[in-house]
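The structure follows.
The values are calculated or read from the model by the stated rules, or taken from the named source; none is laboratory data. All values reported here derive from a predicted model rather than from experimental measurement. Ligands, DNA and RNA are excluded from the accessible area calculation, which covers all protein heavy atoms including side chains. Shrake-Rupley method; radii C 1.70, N 1.55, O 1.52, S 1.80 Å.
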Amino acid sequence: MPQTTLAKGMESLSVSNNNSTETVMKDMAVVENGKERNVKMMEKGAVVVGETVHRYAFHKEQVEEYIGESVDEYVSMEIVQQSSWFNTVSRYVAKFGTGVKRLDLHGMGFHGDEEDFFSDDDCCDGDDDASDKNDEMDGKQLHFGISAGVCRVAHAGKSLVVVKNFVGNPDGCYWKTTMHFFVKKCELVLESGEEADAVEFFEGFVKAASKWVSSKDKVDGSFKLYRYIVEGSHGYWENDGTRKGRPINSIVMDNGVPERLEADLNRFLRTETRQFYYKHGIPYRRSYLFYGPPGSGKSSMIKALATRHKRSVSILTLAHPQMTDQTLADAVRSLNRDTILVLEDVDCLFAATAVSKEERTMEGGVQLTFSGVLNVLDGLSASWSATLTIMTTNHYEKLNPALIRAGRVDRKFNFPKPSRSQIEKFFLSFYPDASKALTSAFADKVESFSMAQTDVNSISIAVLQQLMIFFMDSSAQEVVDRAGEFFAEFFPDESASPSSSIYT
């Protein structure tokens, strides 16, 4: 098979990363008669911004052999792997396509008991049933798409030829997976005899695929998780599956953070607030800082917000060795609509005293600069309004003041180590029938251990959750009586050796 040639500028051809079926796609590439029309889709119509000669980014002879005529008689759309539409449309074709001979396993769907998609493994209550972990596939769905090859799929009474192939030189620096969709031009004719708009046709097709996938993925109390994948100078948001959410009232805190945070977000999302921002020329976005020791509930709160407001979660790792200012801007610009952008451990980015350009460049060869991060926080790269950004840190004192000044961060919420009241509420979430005396005795045990530690943050809700898993088959009284066994194993004396575990 001859080497497929990638035309100049083809890397920019993709469908918008907006996954909402309610919003018009922003970018779509349509090829007619070997020419490319880059079309910018706005809320009220389309505007053609230019034409350039297009060299086929697929094996022309192979496609023509399959369809039995010249591809010049067809209009086509290309979706590249970097687009978050890619897996959506691939799954739709795998389900409804004809002549599909090869399938590609995309991965898992609903992860009912996953809790480790954030860097710090924290949780704020004991609602998760550890016994669910016995069945690895329980509550999960396999997602299949089409593999390389040619097939057909129908839309709006028209037959589309689908080609999935690989473009570029596998031994070179550029290699990508693409899907092309061909529909015969003569079929795009309205009842009036006028030629139909190819952009609207393909837009309808992609929206139909999105609607079907969304209906299959929809699970009450769940949310979608995305991670940004960096490959060379390019990147894309990868769908990492659907995760189990949690109600916000399950967050065990006694400093009013859940209530204040929920009230602030509800106020921000009001129609009146949106109008206020637009009237005064203020970028309509919200940015929060969650700070506190590891395991204090920051990740749990993000999951609860995503569940409550039906948003996805998009995790962006800034400390990637190939992350640049441009890559970061592209990542934020291509965010899915109605998502929560999470920037974890921002204290690891730049020193609090960074002043010079050299100091404001990340260590380890990462080319991301301080100004590049600030531009993102200032909303200069955001693609959608109502953008919600959450930064997390375990070390508030290490943050550069410019990073968290008013205007870049709208609200700051402290997630402290658990108080006595919080410890008691946590215990009662596992043993609701425990007496007041027994609940108090448990809090005494925890506080006594905590005071004996050199690390004042040694006890967290995540640690207490692990304690409950440790004694999952025990009664409330046994947990109180034997709590010392757990602390001895997980927090041994410095003189203790690994072989001194309570297990033999």
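Using the Cα gyration tensor of region 378-471, with a ≥ b ≥ c the square roots of its eigenvalues, what is the shape: rounded (a/c below 1.5), prolate (a/b larger than b/c) or oblate (neither)?
Prolate.
May I ask you to evaluate 6.51 cos²θ - 1.76 cosθ + 1.60, the Karplus curve with θ = phi - 60°, for each residue of region 273-287 and list the ³J(HN,Hα) values in order in whole Hz, giving x for glycine and proline?
5, 4, 5, 4, 4, 5, 4, 9, x, 9, x, 7, 8, 9, 10
Same structure, new question: Could you tell me which of the pairs K244/K279; K95/K164; K244/K445; K216/K298; K158/K244; K60/K158 are separated by over 27 angstrom between their Cα atoms in the structure shown?
Violating the 27 Å limit, Cα to Cα: K244/K279; K244/K445; K216/K298; K158/K244.
Could you tell me what percent of the accessible area of region 411-459 is made up of carbon and sulfur, with a 1.4 Å probe and every protein chain present?
Numbers: 1440 of 2620 Å².
Summing carbon and sulfur atoms, their accessible area is 55 percent of the total for region 411-459.
Enumerate the calculated ³J(HN,Hα) couplings along region 244-258 in order (Karplus 6.51 cos²θ - 1.76 cosθ + 1.60, θ = phi - 60°), each rounded to whole Hz, writing x wherever the residue is Gly or Pro.
Listing the rounded values in order: 5, x, 7, x, 5, 6, 8, 6, 8, 9, 10, 9, x, 4, x Hz.
Taking H as built 1.01 Å from N, whose amide H comes closer than 5 Å to the amide H of S334, not counting residues under 5 places away?
Sorted by chain and number, the residues that satisfy this come to none at all.
Apply the Karplus curve 6.51 cos²θ - 1.76 cosθ + 1.60, θ = phi - 60°, to the phi angles in region 477-489 and return the couplings in whole Hz, x for Gly and Pro.
5, 5, 4, 5, 5, 10, 4, x, 5, 5, 4, 5, 7
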